[in-house]
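Working notes for the structure below.
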Amino acid sequence: MIGDTETTGLTPGYIAQLSCIKLDGGKATGFNAWFKVKSIEDGAAQANGLSVALLDELSGGKEFYDRLDDILALYDGVTDFYGYNTCFDRTFIEAEFKRCSLPPPNLAFQDVMLTAKAKMCVRKNYKLRDALEYFGLSDKVFPLAQKIFGAVESLHDARYDATATLLLARKLDML
């Protein structure tokens, strides 16, 4: 599974958006969920363009625990979670499950960012956008994301970022 989160800040607050792509025999299936949150840090709102009011609308007023059955079904049978900076996503996923009084899914987190950074031979400028540009994938993300999810906004939309991570993982022979 390839996934990404958009969150309410840098410290384990709440997941505002969770997008994942499951691969089954080469077929990619997308999952996207928005979650109602009580607050969002200014820096997060500037980065991802989300607000409390917008998330309330997009989520239909549902918080993470309200979508727990869908999320548990999503993770069922999954062993590997590929992401870009999985340390960040993992912290938030674990925090959300803890709030629901459940253990987090038993996943092996595969960080595509670390492999991309090593192949790019850089110490700086290894953000997702930089990696896409370096590996010549920038123009391939939107068409594939729209095919998988049906709608995508931009970088820092978890659907876009999950799709970009899928393309990078394939390019780096991680999948």
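Looking at the square roots a ≥ b ≥ c of the eigenvalues of the Cα gyration tensor of the stretch 1-138, which shape do they give, rounded for a/c under 1.5, prolate if a/b is larger than b/c, or oblate? Judged from the Cα gyration tensor, the stretch 1-138 comes out oblate (a/c at least 1.5, b/c at or above a/b). A Cα-only calculation for the stretch 64-175 places Rg and Dmax at 14.9, 43 Å.
When you filter the trypsin sites (Lys or Arg not before Pro) in the stretch 77-175 for DSSP loop state and at most 10 other Cβ atoms inside 10 Å of their Cβ, you are left with Arg123, Lys124.
Averaging the sequence gap over all C-alpha pairs within less than 8 Å and six or more residues apart, then dividing by the number of residues, gives the stretch 2-171 a relative contact order of 26 percent.
Inter-label distance, Thr29 to Val78: 1.2 nm, where each label sits 7 Å from its Cα along the C-beta direction.
Converting phi to 3J(HN,Hα) with the Karplus coefficients 6.51, -1.76 and 1.60 and the offset θ = phi - 60°, the stretch 109-118 yields 7, 10, 8, 5, 4, 5, 5, 4, 4, 5 Hz in sequence order, with x at every glycine or proline. When DSSP beta bridges are limited to those with both residues in the chain, what percentage is antiparallel, rounded to the nearest 5? Rounded to the nearest five, the antiparallel share is 75 percent.
Ordering Thr5, Ala116, Thr29 by Cα displacement along the dipole of the stretch 2-171 toward the positive end leaves Ala116 in first place; charges were set at the Cβ atoms of Lys, Arg (+1) and Asp, Glu (-1). In sequence order, the stretch 4-18 has phi-based couplings of 7, 10, 10, 10, 8, x, 8, 8, x, x, 10, 7, 9, 8, 10 Hz under the Karplus curve 6.51 cos²θ - 1.76 cosθ + 1.60, θ = phi - 60°, and Gly or Pro positions carry x.
Look at where the Cα atoms of the stretch 6-33 and of the stretch 152-175 average out, and the two centres are 11 Å apart.
Each label was represented as a point 7 Å from its Cα along the Cα-to-Cβ direction; for Cys121 and Ser154 these points are 3.4 nm apart. Considering only GluC sites (Glu not before Pro) in DSSP loops that have at most 16 other Cβ atoms within 10 Å, the longest stretch of the chain without any of them is 42-152.
At 0.890 mPa s and 25 °C, plugging the Kirkwood radius over alpha-carbon pairs of the stretch 45-88 into Stokes-Einstein gives what diffusion coefficient in µm²/s? It diffuses with D of about 190 µm²/s by this estimate. Toward the positive end of the charge dipole of the chain, with +1 on the Cβ of Lys and Arg and -1 on the Cβ of Asp and Glu, the farthest Cα among Leu132, Ser39, Ala164 is that of Leu132.
Within the same chain, lysines fewer than 8 places from Lys98 are excluded, and of the rest, those with a Cα less than 27 Å from its Cα are Lys22, Lys36, Lys38, Lys62.
No value in this document is a laboratory result; all are computed from the given coordinates. It should be emphasised that the depicted structure is a prediction, and the values quoted were computed from it without experimental measurement. Counting neighbours? That spans all protein chains shown, and the Cβs are built from the backbone with ideal geometry, glycine included.
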